[in-house]
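Working notes, structure below.
The values are calculated or read from the model by the stated rules, or taken from the named source; none is laboratory data. For clarity, every value in this text was computed on a predicted model and none was experimentally measured. We place every Cβ from the backbone using ideal geometry, glycine too, and count neighbours over all the protein chains shown.
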Amino acid sequence: MQLTAESVKKSLSRVQDPDLKKDLVTLGMIQGIHIEGNKVSFKVVLTTPACPLKEVIKNNCIEALEQDHGTDWTWDIFMTSQVTTIRDAGPILPEVKNIIAIASGKGGVGKSTTAVNLAVALAQLGAKVGLVDADISGPSVPTMFNVEGEQPTVKKVGEKNIIVPILQYGVKLMSIGFLTPTDSAVVWRGPMASSALRQFIVDVEWGELDYLLIDLPPGTSDIHLTMVQTVPVTGAVIVTTPQKVALADANKGLSMFRQPQINVPILGVVENMAYFTPEELPENKYYIFGKEGGKKLAEKYEVPFLGEIPIIQSIRESGDTGYPAVLKTGPTKDAYMDLAESVARQVAIRNASVEKTSVVEVKA
Ligand SMILES: Nc1ncnc2c1ncn2[C@@H]1O[C@H](COP(=O)(O)OP(=O)(O)OP(=O)(O)O)[C@@H](O)[C@H]1O
Ligand SMILES: [Mg+2]
């Protein structure tokens, strides 16, 4: 077969993305085919940063090309990525590709810890990441990022005041904690809380983001409703711990997102504090609260299981000292990096398969 850009495309149309279950040409992933002498170069644009399937896909490309064109060619394949979006570039956060809510039913299961480490992990994979601390009454993001007491600046853009987020560990941050003194007893309630939250998400100079994470308060309150009424949420990550009580509440959290008037897809379940492991003996795992509760919950709701995070003293200490555990090399970092890959993958799968997200219409 004569080798042309068209014949290269034809060969590559037999290579599937294993997650998205479509071929690379149909997915628009093959770009810039260039033939010079016996060298054929092109780009494969994957949909997740640092895709774990990168090598497999590259090898499958070479295999398909060699089947049709033999082995006399040099294949110069540049593997790159561009996070996908299914959002319309509407007036709200037009440059934010994916909005991910981190939720649970029960309080204290580690939503904020998970959100913080996940945000940093995604940034380490090369993504552009923002994090909103939507816990109006007990913001914890400023402490967990060691930026307590910092004050975001406000810019005037036209008639509007725009807040410039705080940048730390490669993540753009917004929290009501930046705007109120740490020990103040400001209690935000009802409509005021909702309008404050709206401002923290919408009137912020996020710039271009691949993922904007929203760390929600516990439970199923007004705040949750405000959020889906304010921004088109790509999906929710549900955090649970293995105990029965936490799992029962996680059920409620999951059901909330599935209510017809909310209708936010679930990207998956994370089991936090899944097992205890002594830091010096990471291969010893003690499932003190029971095993695989999160996995079973995911199975029950037919949603992906995103991973297990162990209970480790240094995760707690890292949160308290403002230096997220994922920044230190070791098994904890690996667990969070794996989680970030799973989440990015589920976002890509959702974007390739589901209809566009929209803001929930609220009837007056
Ligand atoms: N995997 C873990 N290992 C050890 N400690 C953890 C782990 N996950 C969370 N923690 C600790 O548990 C406590 C509660 O975690 P966190 O604040 O993240 O929970 P939360 O679900 O956000 O709580 P809230 O519902 O109040 O917002 C914190 O002290 C945190 O450091
Ligand atoms: Mg929290």
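If I ask for residues that are more than 16 Å from ligand 2 (Cβ to nearest atom) and touching a helix residue (DSSP H, G or I) at 6+ places or on another chain (Cβ under 9 Å), which ones from region 324-333 would you list?
Listed by number, the residues that qualify are Val326, Leu327, Lys328, Gly330, Thr332, Lys333.
Could you list, in sequence order, all residues of region 91-112 that are in contact (Cβ under 8 Å) with a residue 60 or more places away in the chain and away from ligand 2 (no atom under 16 Å from the Cβ)?
Ile92, Leu93, Glu95, Val96, Lys97, Asn98, Ile99
Which pairs do you get when a residue that is more than 16 Å from ligand 1 (Cβ to nearest atom), found in region 204-224, comes within reach of a residue that is aromatic (Phe, Trp, Tyr), reach meaning Cβ atoms under 9 angstrom, with the pair 6+ apart or on two chains?
Leu212/Trp206
Identify, from the list Leu197, Leu216, Leu212, the residue that is away from ligand 2 (no atom under 16 Å from the Cβ) and within 21 Å of the chain's Cα centre (by Cα).
On inspection, the qualifying residue turns out to be Leu212.
Just for region 85-102: of the residues that are outside any loop (DSSP other than H, G, I, E, B) and not charged (D, E, K, R), which one is farthest from the chain's Cα centre (by Cα)?
Val96
Which residues, counting only those in region 219-240, are farther than 24 Å from Thr84 by Cα and more than 16 Å from ligand 2 (Cβ to nearest atom)?
Answer for region 219-240, where residues must be farther than 24 Å from Thr84 by Cα and more than 16 Å from ligand 2 (Cβ to nearest atom): Asp222, Leu225, Thr226.
For region 306-326: of the residues being assigned to a helix (DSSP H, G or I) and buried (at least 16 other Cβ atoms within 10 Å of the Cβ), which is farthest from ligand 1 (Cβ to nearest atom)?
That would be Val326.
If you check Ala123, Ala115, Ala119, which single one turns out to be at pLDDT 95 or above, away from ligand 1 (no atom under 16 Å from the Cβ), among the small types (Gly, Ala, Ser) and in a helix (DSSP H, G or I)?
Answer to the check: Ala123.
Looking at (1) at pLDDT below 85; (2) closer than 20 Å to Gly108 by Cα; (3) within 23 Å of the chain's Cα centre (by Cα), find the lone condition where Val187 falls short.
(3)
Please go through region 284-300 and give me each residue that is over 8 Å from Ala274 (Cβ atoms), under 25 Å from the mean Cα position of the chain (by Cα) and not charged (D, E, K, R), ordered by number.
Those that are over 8 Å from Ala274 (Cβ atoms), under 25 Å from the mean Cα position of the chain (by Cα) and not charged (D, E, K, R): Gly293, Leu297, Ala298.
Being more than 16 Å from ligand 2 (Cβ to nearest atom) and either surrounded by 15 or more Cβ atoms within 10 Å (Cβ to Cβ) or hydrophobic (A, V, I, L, M, F, W, C) (or both) is true for just one of Leu131, Leu122. Which residue is that?
Leu122
For region 149-171, which residues satisfy the criterion of being farther than 18 Å from Thr114 by Cα, assigned to a loop (DSSP other than H, G, I, E, B) and touching a Phe, Trp or Tyr at 6+ places or on another chain (Cβ under 9 Å)?
Residues satisfying the conditions are Gly149, Glu150, Gln151, Pro152, Pro165.
Out of all the residues in region 68-76, is one or more surrounded by fewer than 17 Cβ atoms within 10 Å (Cβ to Cβ) and assigned to a helix (DSSP H, G or I)?
So far as region 68-76 goes, yes, one or more of its residues are surrounded by fewer than 17 Cβ atoms within 10 Å (Cβ to Cβ) and assigned to a helix (DSSP H, G or I).
If you go through region 232-245 one residue at a time, how many are over 14 Å from Phe257 (Cβ atoms) and either buried (at least 24 other Cβ atoms within 10 Å of the Cβ) or without any contact (Cβ under 8 Å) to a residue 60 or more places away in the chain (or both)?
Looking only at that region, the number is 4.
Just name the residue that is nearest to Gln67 (Cα to Cα) out of those in region 41-57 that are in contact with a strand residue (DSSP E or B) (Cβ under 6 Å, 6 or more places away or on another chain) and of a type in the set (A, V, I, L, M).
Val44
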